[in-house]
Every structure is written in structure tokens, then in C-alpha cells.
Amino acid sequence: MRMAAHCFSLGSGERGQTPPPSLYDGQAGDSGREMLTTNPFDDDKLKEECGIFGIWGADDAASFVALGLHALQHRGQEAAGITSFDGKHFHSHRALGQVAGNFDNDQVISRLPGQVAIGHVRYSTAGGAGIRNAQPLFAELNDGGFAIAQNGNLSNAMKLRRTLSRRGAIFQSTSDLEVVIHLVATSQQSAPLDRLIDALKQVEGAYSLVVLTEEGLIACRDPLGIRPLVMGRLGHSTIFASESVALDVIGAKFVREVEPGEVILVNHDGLRSFRPFAKASPRPCIFEHVYFSRPDSIIEGSSVYEVRKNIGAVLAREAPVAADYVVPVPDSGVPAALGFSQESGIPFELGIIRSHYVGRTFIQPSQDVRHLGVKLKHNANAMLIAGKRIVLIDDSIVRGTTSVKIVQMMRDAGAKEVHMRIASPPTRHSCFYGVDTPERAKLLAAQMDVEAMRDFINADSLAFISIDGLYQALGDSRDPASPQRCDACFTGDYPTVLTDAGPGARDSGSLSLVASR
Ligand code: SF4
């Protein structure tokens with residue numbers, strides 16, 4: 001077995017002295033009773049903030065968008081929206097909540113006629129962001145309607161917004177995308193596509209966009225390709241989506257990824273591709289492979305599922321441990337756990353069982369039973385765990401609160417030893433590119449070394465895959481002078497200027513993150 005030079009691995013040590021946090025995260029609900037999270041394992045994750053979908057040339061285009069958004073629901077559950085164009089008028093419906101419940105209604109879809117439509121799912125950390133930030137955003141511009149939906153985040157949006165406000169621009173939302181609309185509106189170019197390109201040349205950061213204008217459907221990806229965007233075909237229809245899985249669900253064929261820096265216009269004249277930006281080395285988000293994307297999606301030509309298994313195998317080589325069972329933290333830890341098991345020869349077992357019938361939150365009727373809520377969604381498979389040495393596989397540690405709960409759950413079930421292996425390097429830096437990250441002070445790995453983290457979560461050992469190991473799992477070798485991907489949340493090597501964060505305040509915030517607090 002080979003131990004990589006940069007493997008963050010530690011052996012057994014003293015049991016942690018820090019008392020584990022409460023097994024529930026109570027917060028006041030509308031009723032005044034405690035709102036209990038029933039997703040204790042999912043709530044301590046980085047959250048992808050958005051998913052986008054667009055289609056040109058299909059009868060009932062909005063129906064396809066609704067299905068596509070449903071497949072992208074994991075990228076945002078707080079709001080959803082669709083805007084269609086029937087050749088004369090734009091029609092829009094945006095709502096808080098998930099796609100199902102808002103767009104599985106014939107009456108809603110019938111109010112979104114047309115053969116072209118775009119849609120969006122959004123994540124935000126607080127209901128306060130509300131409907132005004134739900135996308136697609138729409139504006140009636142000088143040359144007609146303009147609807148836009150984004151996955152990503154601009155790192156100079158606050159600066160641009162201040163400048164625009166001083167010139168008299170009025171903002172109705174706190175979305176950085178509204179900045180783009182104002183830049184389009186005030187562009188001196190004439191055609192809608194040229195006005196959009198003119199606007200995008202003034203922004204920094206990460207964006208994958210679908211845009212609906214009277215000129216046609218436009219899709220584009222920022223010059224570094226930080227956020228994903230793929231193109232597909234269904235008959236004569238052209239589709240754009242954040243992930244290939246959204247093509248699968250509507251029966252469309254994957255054509256290719258939209259290239260970093262590429263702008264594509266689809267209309268009655270066909271499909272035209274433009275490269276209006278200065279050429280740059282792509283830096284797609286590496287975390288898409290680790291956690292954000294669905295395992296049945298294909299990114300950069302690779303199956304997300306297979307890459308996650310590779311990550312588990314590399315992790316097993318970098319941080320081997322003697323154990324009886326490999327246990328995934330459901331559901332995101334499953335592929336890496338399979339890879340770890342196959343590489344190490346340690347049997348894979350489901351030591352934590354997930355209920356699929358529990359909603360996101362649950363109002364506890366009584367103080368007396370509130371502490372039981374943590375088991376509503378996940379429960380230890382106690383007969384399996386008792387007396388055994390367990391390797392728990394999770395995709396990441398963010399605040400660490402989840403890891404404390406899981407390790408404690410294994411100990412309560414009688415585990416003899418609990419070893420934790422993490423399928424990503426320590427998350428030490430905030431993301432400014434469309435992923436909801438806690439401020440840096442709340443990232444466990446930004447505050448502690450690995451031994452202190454092991455102590456905090458009360459594990460017998462803790463190890464993370466190295467950054468080089470992660471690239472290896474992708475079939476690559478990281479070039480430290482010019483990394484092939486964005487890996488800033490692990491390395492602090494941000495691929496763009498962070499204008500809004502300012503010098504010396506890199507992790508202080510960005511417009512959409514500020515907006516969502
Ligand atoms: S900072 Fe991390 S999560 Fe954000 S784009 Fe880069 S790799 Fe992805």
C-alpha cells in the first residue's frame with residue numbers, strides 16, 4: 001500500500017474532550033414551536049446554489065423545462081421558475097419551494113405557452129431572500145423582453161451594483177444577476193446578443209446562463225467554465241442544462257458540453273456559436289465531481305459515479321485502516337465507499353439506513369420527543385454495527401456538526417472503533433462561485449488541524465484524500481503552477497479576481513451570499 005506524500009491522515013488518539021453538539025438543531029418555526037431539521041446529515045454540506053435548463057423548438061416547451069428542473073432539483077430546493085416565449089409574449093411563473101408542487105400542475109403549465117422556455121431551481125439559506133430573487137429574472141428592455149437564469153456567482157457584482165446605483169439604477173432584488181440585466185439595458189450595442197456579450201465582458205466570476213430574448217435562446221458559460229452546462233438534442237429541439245441527467249429524463253441525447261467562454265444562439269436560423277472572450281485556461285469546479293452533481297451525470301466526459309468510486313479507491317490507498325466494514329454516509333458517500341471497499345477488500349455494508357419518507361423539516365409536537373428527531377431520516381443498523389470496527393465514508397466535512405452526530409450514532413450502536421475517511425481534501429476556504437459556503441470562521445478545517453478535527457468529531461482516526469489524490473481519481477495530475485480545475489475551497493487558489501472580497505478579506509462575502517443570509 002502506498003501512502004501519498006500529501007495524505008492528511010492521523011491514527012488513533014485520545015477520545016475528544018469537546019462535548020458533541022446537541023443531536024438536533026432547533027430553530028423557531030412560524031408556529032413558535034421548534035423547527036427541527038430532519039436532514040442532519042445533509043444540512044452540513046456545501047450547497048450548490050442553482051440549476052438551469054432551457055429548450056428551443058418544442059411544443060409545450062415549459063413541460064420539458066419542468067421535467068428537466070425536476071432532475072436538477074438537488075441543485076436547489078428553495079425556489080423554482082420558468083419563463084416561456086410564444087413568439088409574441090413572454091410568460092413567467094416563479095414560486096418558492098420545489099418543482100413538484102409548483103410545476104406539476106396543468107393549469108400552471110398551460111399559462112406558459114410557447115416553443116421556447118428557460119427554467120431555474122435556486123437554493124438560498126434563508127426564506128428572507130424570498131420570491132424576488134427567484135429566477136428567471138425578467139425585464140422589458142428597449143428592444144423587447146429579456147429573461148435570464150444563472151448558475152454561478154459574480155465576484156464583482158457588489159462593485160458593479162454600487163456604480164450602477166450611483167447612476168440611478170433601481171434594483172428590485174439582491175441577485176447579482178440583476179446587475180447583468182442593468183448592464184445589458186445600458187449597453188450601447190444594438191442586437192440583444194451583442195448587448196449581453198458587452199455586459200458579460202464587465203463581470204468577473206462564475207456563470208452559466210440561459211437567456212431568452214426575442215432574437216432567440218442564448219446559452220453561455222464563463223471563460224473559465226467554472227460552472228457546468230451541457231447541450232442536448234431531442235428531435236429538432238436544442239436543450240441546455242446544468243447536468244446531463246436533465247437530458248436523460250426528457251429522452252434527449254447528450255451532444256456536448258458548452259465550452260468555457262462559448263456563447264450559443266439558437267433561433268429559426270439554426271445554431272450559432274461565438275467565442276467573444278479572451279481565451280483562458282479552463283478551471284471547472286472540482287467539487288461537482290465530489291458532491292454537487294448527480295452520480296448518473298457525465299461531466300468532462302467522465303461518469304460522476306465512476307469518478308466517485310475512483311476517489312474511494314485512492315482514499316483507501318492513501319489512508320488504509322484495519323476494519324470490519326466500510327459504511328457510507330448516505331446518500332452521497334455511497335460511490336466513494338464502494339470504491340474504498342473494492343480497493344481495500346473490506347466488506348461494504350449499509351450501517352446507516354435512510355428513510356425516504358421524511359420531509360426537509362418537521363415541527364416537533366412536544367419538547368419531550370424533540371431529541372428523537374435526528375433518527376427520523378437516518379438510523380444506525382445496530383445489529384450490524386455492534387462490536388465492529390467501522391470505516392465511515394463521507395464526501396466532505398464542512399462545519400463538522402454532521403460528523404460528530406454520525407460518529408456518535410455509530411458509538412451508540414455499539415461500534416468498537418469508528419474511523420472516518422473523507423472523499424475530498426479539508427474544506428478550508430469559502431466558495432465565491434455559486435456554492436453556499438459558511439463563512440470561513442465556521443469551516444472546521446479552517447480552524448483546526450486534522451488531529452484536532454479527529455478529536456472534535458470523536459473518531460478513532462480521520463483522514464482526507466489529498467488534493468493530488470483527487471486529481472488522480474479524475475485521471476489527471478495537478479499542475480500547481482496552473483491547476484486544471486477550480487479547487488479553491490481546498491487550496492485557496494482562486495481562479496478569478498475577487499473584487500468584492502477586497503484585498504486581505506478574501507472570505508468575507510459576495511453579493512448572493514450576503515443576500516442569502
Ligand atoms: S471554490 Fe470549491 S466549490 Fe467553489 S467553484 Fe471552486 S472547487 Fe467548486
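Derivation of every value follows stated rules applied to the coordinates shown; laboratory data play no part. A quick note: this is a predicted structure, and the numbers were derived from the prediction, not measured. Cβ atoms come from the backbone with ideal geometry, glycine included; neighbour counts cover every protein chain shown.
Between H356 and R256, how high is the FRET efficiency from 1/(1 + (r/R0)^6) when r is the Cβ-Cβ distance and R₀ = 45 Å? Nearest 0.05. Kindly include the intermediate steps, with their values, before the conclusion.
Numbers: r = 34 Å, r/R0 = 0.76.
Approximately 0.85, to the nearest 0.05.
Could you tell me which of rounded, prolate or oblate describes segment 49-283, using a ≥ b ≥ c as the square roots of the eigenvalues of the alpha-carbon gyration tensor, with rounded for a/c under 1.5 and, failing that, prolate when a/b is larger than b/c and oblate otherwise?
Working: a/c = 1.36, a/b = 1.18, b/c = 1.15.
Rounded.
Using Cα-Cα distances under 8 Å and only pairs 6 or more residues apart, what relative contact order does segment 401-469 have, in percent?
Here the relative contact order equals 43 percent.
With 0.36 nm allotted per residue and the present C-alpha distance subtracted, the A382-K279 stretch has 31.5 nm of extension available.
Strictly over 27 Å apart at the Cα level, which of K377/K442; K88/K201; K201/K253; K309/K388; K405/K442; K377/K416 would you flag in this model? Provide the component values of the computation, followed by the final result.
Details: K377/K442 25 Å; K88/K201 29 Å; K201/K253 31 Å; K309/K388 24 Å; K405/K442 17 Å; K377/K416 24 Å.
Cα-Cα > 27 Å for K88/K201; K201/K253; rest within.
Close amide H pairs (under 5 Å, H built 1.01 Å from N) link S424 with I465, residues at least 5 positions away or on another chain.
Please work out whether segment 105-169 counts as rounded, prolate or oblate from its C-alpha gyration tensor, where a ≥ b ≥ c are the square roots of the eigenvalues and a/c under 1.5 means rounded, while otherwise a/b larger than b/c means prolate and anything else oblate? Display every interim value, and only then the final one.
Details: a/c = 2.40, a/b = 1.45, b/c = 1.65.
Oblate, since a/c reaches 1.5 and b/c is not below a/b.
As a length-normalised measure over Cα pairs under 8 Å and 6 or more apart, the relative contact order of segment 49-283 settles at 20 percent. A cut-off of 5 Å between modelled amide H atoms, ignoring neighbours fewer than 5 places along the same chain, links C486 with C285, I286.
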